[in-house]
């Protein structure tokens, strides 16, 4: 009886954790978050004067952000990828 109650409690905790992460994922799966995370990464990489040129959704939770950036007086373009599911961002 105790074992069954403990298993039910564990299942409830596991499923409530899944619902929480889905809600968090939905909150950050948008254009504004993708832009903000990519600009933040570009700043920490040493770029300044960062402008967003385009943002495209690539799948359900993936975003492609094109940036015009300046570093050491030179202007260049960077492509940033943001995954809302994992909240990871990557320049490349």
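Derivation of every value follows stated rules applied to the coordinates shown; laboratory data play no part. Every value quoted in this text rests on a predicted model; they were computed, and no experiment measured them. So basically every Cβ, Gly included, is an ideal-geometry build from the backbone, and we count neighbours across all protein chains shown.
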How many residues, within the range 72-86, are in a strand (DSSP E or B) and exposed (fewer than 15 other Cβ atoms within 10 Å of the Cβ)?
5
How many residues does the range 29-60 hold that are in a helix (DSSP H, G or I), touching a helix residue (DSSP H, G or I) at 6+ places or on another chain (Cβ under 9 Å) and surrounded by fewer than 17 Cβ atoms within 10 Å (Cβ to Cβ)?
1
